[in-house]
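Trainee: The following block contains the structure, expressed as structure tokens.
The values are calculated or read from the model by the stated rules, or taken from the named source; none is laboratory data. Remember, predicted model here, so these are calculated numbers, not experimental data. Reconstructed Cβ throughout: ideal geometry from the backbone, glycine too, with neighbour counts over all protein chains shown.
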Amino acid sequence: MQTDTLIQCEDLIPQALPFDYQGDALDLKINTGEVVSIIGPNYSGKGNWIRTICGLEDQLSGKVLIKGMDTLDISAREWALSRMRVAYLHEDTALLSAANALINVLAPALYHRLDRTTLDKPLLTEKARALLNDIDPDINLYDLPAYIDKDQRYKIAIARALLLEPDVLALNNPFAHFNSDSKYQFQTFLEKQNRTGLSLLFVTHDIPYALAISDKIIFTSRDNLLHFDSKQAILDCDIPVVSEFITRQGNRAIA
């Protein structure tokens, strides 16, 4: 598999952090097929960091390059293309209320005219069906969102994003609506997508999972940001705010 730098952050600090941040800036490269997690205490700005990394919030300093394009210096067309390359979903990403599950998955692909440039509509529809079946075979393709469970609505939003074939799937608190069984099923699906070359960037409170799957880990606090290149590096960290967070009851990671 060819490895390309998909997102590059240089001296990055988000502008929208809801507190006075005097800590380090972020230097980060997300390459093809990598998994990067953002973890840390509550109210430490994790959501601001992931949105700024994706180019969705302005930076106080530094730059974000998406496939080499500076997000502060690109045309409207280049911005639209970058949005297809990096798919960002919040835990409560909305669906079209008057459209069934299948149409919800197809809508953005049809808007971007993928039925004219990539696949014809019947093949695109079959691909959408296959994605939905793969992520959860129990989803009724013809139900409206109001009649679909919250965890399944989120899976539909994931399938909708993946139909556009992004390079990076960025998820803010993706496991919020899942019980233990459905979370395991969904995590297995994400890992399968990652093995095909999809890069994953996510904010999560599931610390053992983040440490188990991640190639790189970003730890945020109100005072500073730390970047670790492996699970072992963060487990070996003796900085109190990090070690106390990792070993706190409920966050204990198995080395």
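A quick yes/no check of all residues on (1) touching a Pro at 6+ places or on another chain (Cβ under 7 Å); (2) farther than 25 Å from Thr188 by Cβ; (3) not charged (D, E, K, R):
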position: Ile50; (1), (2), (3): no, no, yes
position: Gly55; (1), (2), (3): no, yes, yes
position: Leu60; (1), (2), (3): yes, yes, yes
position: Ala76; (1), (2), (3): no, yes, yes
position: Leu89; (1), (2), (3): no, no, yes
position: Thr93; (1), (2), (3): no, no, yes
position: Pro122; (1), (2), (3): no, yes, yes
position: Pro137; (1), (2), (3): no, no, yes
position: Asn140; (1), (2), (3): no, no, yes
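Trainee: Also, I was wondering about something else. Among the residues of region 95-107, is there at least one that is in contact with a strand residue (DSSP E or B) (Cβ under 8 Å, 6 or more places away or on another chain), surrounded by 13 or more Cβ atoms within 10 Å (Cβ to Cβ) and modelled with pLDDT of 95 or more?
Mentor: No, because not a single residue in region 95-107 is in contact with a strand residue (DSSP E or B) (Cβ under 8 Å, 6 or more places away or on another chain), surrounded by 13 or more Cβ atoms within 10 Å (Cβ to Cβ) and modelled with pLDDT of 95 or more.
Trainee: Then there's this: Residues that are closer than 27 Å to Gly40 by Cα and free of Cβ contacts under 8 Å to residues at least 12 places away in the same chain: list the helices (runs of 4 or more DSSP H) wholly contained in region 56-173 that include at least 2 such residues.
Mentor: Correct list: empty, since no element meets the threshold.
Trainee: Please state which of the following conditions Ser37 fails to meet, knowing it meets all the rest: (1) in a strand (DSSP E or B); (2) of a type outside the set (Val, Ile, Thr); (3) free of Cβ contacts under 8 Å to residues at least 60 places away in the same chain.
Mentor: (3)
Trainee: Yes or no: region 187-208 includes at least one residue that is among the acidic types (Asp, Glu), buried (at least 16 other Cβ atoms within 10 Å of the Cβ) and either free of Cβ contacts under 8 Å to residues at least 60 places away in the same chain or part of a strand (DSSP E or B) (or both).
Mentor: Among the residues of region 187-208, at least one is among the acidic types (Asp, Glu), buried (at least 16 other Cβ atoms within 10 Å of the Cβ) and either free of Cβ contacts under 8 Å to residues at least 60 places away in the same chain or part of a strand (DSSP E or B) (or both), which makes the answer yes.
Trainee: Looking at (1) under 27 Å from Cys54 (Cα atoms); (2) within 21 Å of the chain's Cα centre (by Cα); (3) small (Gly, Ala, Ser), can you tell me which one Ser180 breaks?
Mentor: The single condition Ser180 does not satisfy is (1).
Trainee: From the set of residues in region 1-46 that are of a type in the set (Gly, Ala, Ser) and under 15 Å from the mean Cα position of the chain (by Cα), which is surrounded by the fewest Cβ atoms within 10 Å (Cβ to Cβ)?
Mentor: It comes out as Gly33.
Trainee: Being surrounded by fewer than 16 Cβ atoms within 10 Å (Cβ to Cβ) and under 18 Å from the mean Cα position of the chain (by Cα) is the requirement here; does Glu165 meet it?
Mentor: Here the answer is yes, as Glu165 does meet what is asked.
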